[in-house]
Amino acid sequence: MKKFNEYNLSEDIKQSLEVLHYTDPTEVQQKVIPLALKKIDLIVKSRTGSGKTASFGIPICELIDWEENKVQALILTPTRELAEQVKEELISIGRFKRLNVISIYGKQPFEKQKLALKQKTHVVVGTPGRVLDHIEKGTFPLDKIKYTVIDEADEMLNRGFIDQVESIIQTLPKDRVTSVYSATYTDEIENLCHTYLKNPKKVVIEAKEHQINLISHSFIHCNEKEKVLLLKDITIVENPDSCIVFCNTQDKVDDVYKELRKSNYSCNKIHGGLIQKDRLSIMEDYKRGSFRYLVATDLAARGIDVENINLIINYDFPFKEENYVHRTGRTGRAGKYGKAISLITPKEKQSISSFENYIGINITFEDPPSKETVAKAHTLFKEKMKEVSKRKVMKADLVNKDIMKLYFNGGKKKKLRAVDFVGTITSIDGVTGEDIGIISIQETTTYVDILNGKGNYVLKEMRNMTIKGKQLKVHKAKE
Ligand code: AMP
């Protein structure tokens, strides 16, 4: 097996992969990357957690022409959280190539997105509704799009987005490469691929025995009324570092979250009823390890990648088999063991066997933890509750650590262009074009990424310099 540094990739992409500690390609990456680099249309059946984002992210970042100002790649995802996650991964991979990757989805200011689409933007990751909205209003330049990815196509179908996806594809240039990713491969997906892909190659990655075996699956009988107590007993005994409690409805998430809060759990909640800003910051905090328990609807089940989740609790048993797979797939990732425990009411008991057939493993019956076991585990549980959780280092931090974003109080209105900033900044002793990252020029402000740990130096020097004869205020940009 070739390592990434032996791949035919440019140095700036290899540099990002090295910083991200991606040394060996995963199976899906080994199969997909060589084909994608040859610009072949692909249908990829692969589960989340297999490294599939980088399997399309690496070739896209490699193939993008930096000089081109218009959008060259469009990636569609079914949820906003996933769009954000995919965007982050592509930013990390394209960091040293200085690629500008943006996300666009609903409930965010349309005008701001419109401006971003007018800037030099290489890749757009978005949800179908808002992308279509921009296309219909003529605010999304499509003529340079060469690469398209439909991620989680089966979930696009489930959520009823497929018509929008088709409408988007129909507006794209014919001369493009398209790949469709799906965890399951149904007739509808086949139809979609048949209609819009050119001689596609199929890549199938089956979940390996050992990957499935990394998760132990069990269920415990209970009545609806007993669930809250049982949930608390399970968490005391299991005492996880990081856990997701899945419920079927937003109301239930609110109720369970309230109960856990009352008992001082380090917890938060996420569902589609929260405002987008909160959804994103809660996910970010959970990924960073700021709290231990996330109470969630299936919104957090798809594709969401958080390191080291050791326990998944199905407070409500999911309605669909595939949701079970996605929920429990949040644990047992990257070679680590995980546990999935489902609370099953008498009504739900009969669905267990069809779920077992679907995943191809046994969900074993477990007794609820006894009073003695709970009492014994209580001291350790209390201790962990008091512990301040360690802040997890995120992948983006690795590539961002030598980058500083500078703010300038002048932009398009003052007729400033990227070359003006590049010209002035590279006139500083010891600073070259290689040290300048993405430049984002807005009406009255500009943001410039300074790379290679030279941010403070450039900041100090720029305080005494003018850009195109204009003295601008400059400081470190707020996040
Ligand atoms: P995904 O299936 O895209 O959600 O990726 C699952 C996780 O694997 C993410 O945390 C990725 O950052 C990580 N990952 C992807 N490719 C590699 C690789 N070649 N080596 C190590 N980790 C990787």
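The values are calculated or read from the model by the stated rules, or taken from the named source; none is laboratory data. Note that this is a predicted model, so its numbers are computed, not measured. Counting neighbours? That spans all protein chains shown, and the Cβs are built from the backbone with ideal geometry, glycine included. Surface areas here come from the heavy atoms of the whole protein model, side chains and all, with no ligands, DNA or RNA. Shrake-Rupley method; radii C 1.70, N 1.55, O 1.52, S 1.80 Å.
Can you pull out the residues in the range 130-162 that are part of a helix (DSSP H, G or I), charged (D, E, K, R) and modelled with pLDDT under 95?
ASP154, GLU155
Considering only the range 153-201, state which residues are touching a helix residue (DSSP H, G or I) at 6+ places or on another chain (Cβ under 9 Å) and small (Gly, Ala, Ser).
Listed by number, the residues that qualify are ALA153, SER167, SER179, SER182, ALA183.
Just to check your reading of the model, which residue among GLN85, GLN72 is over 22 Å from ASP41 (Cα atoms) and not assigned by TED's automatic domain parsing to the domain that holds ILE282? Talk me through it step by step, then tell me what you get.
Numbers: GLN72 fails: over 22 Å from ASP41 (Cα atoms).
After applying the criteria, what remains is GLN85.
Under the condition of being farther than 14 Å from LEU74 by Cα and touching a helix residue (DSSP H, G or I) at 6+ places or on another chain (Cβ under 9 Å), which residue from the range 137-151 is surrounded by the most Cβ atoms within 10 Å (Cβ to Cβ)? It would help to see each step written out before you state the result.
At the first step, the residues of the range 137-151 found to be farther than 14 Å from LEU74 by Cα are 137-139.
So of that shortlist, the ones also touching a helix residue (DSSP H, G or I) at 6+ places or on another chain (Cβ under 9 Å) come out as 137, 139.
Working: LYS137: 10, THR139: 16.
Looking at residues that are farther than 14 Å from LEU74 by Cα and touching a helix residue (DSSP H, G or I) at 6+ places or on another chain (Cβ under 9 Å), I get THR139.
Within the range 446-464, can you find the residues that are assigned to a loop (DSSP other than H, G, I, E, B) and in contact (Cβ under 8 Å) with a residue 12 or more places away in the chain? Let's see the steps before the verdict.
Filtering the range 446-464 for residues assigned to a loop (DSSP other than H, G, I, E, B) gives 451-454, 463-464.
LEU451, ASN452, GLY453, LYS454 - these are the residues of the range 446-464 that are assigned to a loop (DSSP other than H, G, I, E, B) and in contact (Cβ under 8 Å) with a residue 12 or more places away in the chain.
For the range 62-88: of the residues being open to solvent by less than 30 Å² (accessible area, probe 1.4 Å), closer than 23 Å to TYR196 by Cβ and not β-branched (Val, Ile, Thr), which is nearest to the ligand (Cβ to nearest atom)?
The extreme case among them is LEU82.
Select from the range 10-43 the residues that are within 12 Å of the ligand (Cβ to nearest atom) and open to solvent by less than 20 Å² (accessible area, probe 1.4 Å) and write down the one among them that is farthest from PRO59 (Cα to Cα).
Filtering the range 10-43 for residues that are within 12 Å of the ligand (Cβ to nearest atom) and open to solvent by less than 20 Å² (accessible area, probe 1.4 Å), the one farthest from PRO59 (Cα to Cα) comes out as LEU20.
Scan the range 393-404 and give yes if some residue there is surrounded by 15 or more Cβ atoms within 10 Å (Cβ to Cβ), modelled with pLDDT of 90 or more and touching a Gly at 6+ places or on another chain (Cβ under 7 Å), otherwise no.
For the range 393-404, residues surrounded by 15 or more Cβ atoms within 10 Å (Cβ to Cβ), modelled with pLDDT of 90 or more and touching a Gly at 6+ places or on another chain (Cβ under 7 Å): present.
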